[in-house]
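One structure is given here, and the rest of the page talks about it.
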Amino acid sequence: MHPAARLQFERLIGEYARWRAVPETERSPAPAWWWGPAMELRSAPQSLPAEWSAELGLPNQATYAAAAELLLRAFAGQTSLPWPDDFPRKADAPDAKLVRELHPQPSDDGAFQP
């Protein structure tokens, strides 16, 4: 396994643990940035370190593939993705939607002269 993939997966495991610690009613949807690493390691037969298995609630000697499957199941039934500010907990601010609205930007039509 490439060291960068391992490092990225380690970060993801910490995020997953923080996300699971939030009560389900207050928890944001699973973030899209988990998808890539989980897909990359979904068939990796190597065993996870025992500490990571415990953090994910998996049995000792669980594989990276089992951890990836756990992460991919977090997306099941999900119809939206969180904004980075909404992770791991949903935003409580009543005007949060207004802050995130993308406003149209002026185009540079001057580059295309008739």
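The table below gives the values:
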quantity	calculated
Cβ-Cβ under 7 Å pairs, at least 6 apart or on other chains, segment 36-61 side without any contact (Cβ under 8 Å) to a residue 40 or more places away in the chain, far side β-branched (V, I, T)	P45/T63; S47/T63; L48/T63
The one condition in (1) surrounded by 15 or more Cβ atoms within 10 Å (Cβ to Cβ); (2) under 13 Å from the mean Cα position of the chain (by Cα) that R18 fails to fulfil	(1)
Residue list for segment 28-43, filter: buried (at least 18 other Cβ atoms within 10 Å of the Cβ), farther than 13 Å from L70 by Cα and more than 9 Å from the chain's Cα centre (by Cα)	S28
For P88: the one exception among (1) over 10 Å from the mean Cα position of the chain (by Cα); (2) surrounded by 15 or more Cβ atoms within 10 Å (Cβ to Cβ)	(1)
Pick from segment 6-35, criterion of a type in the set (V, I, T) and in contact (Cβ under 8 Å) with a residue 40 or more places away in the chain, ranking: farthest from P88 (Cα to Cα)	I13
Checking M1 against (1) among the aliphatic types (A, V, I, L, M); (2) modelled with pLDDT of 80 or more; (3) part of a loop (DSSP other than H, G, I, E, B), the condition it does not meet	(2)
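The values are calculated or read from the model by the stated rules, or taken from the named source; none is laboratory data. Source: prediction; values computed, not measured. No Cβ is skipped: glycine too gets one built from the backbone with ideal geometry, and neighbour counts run over all protein chains shown.
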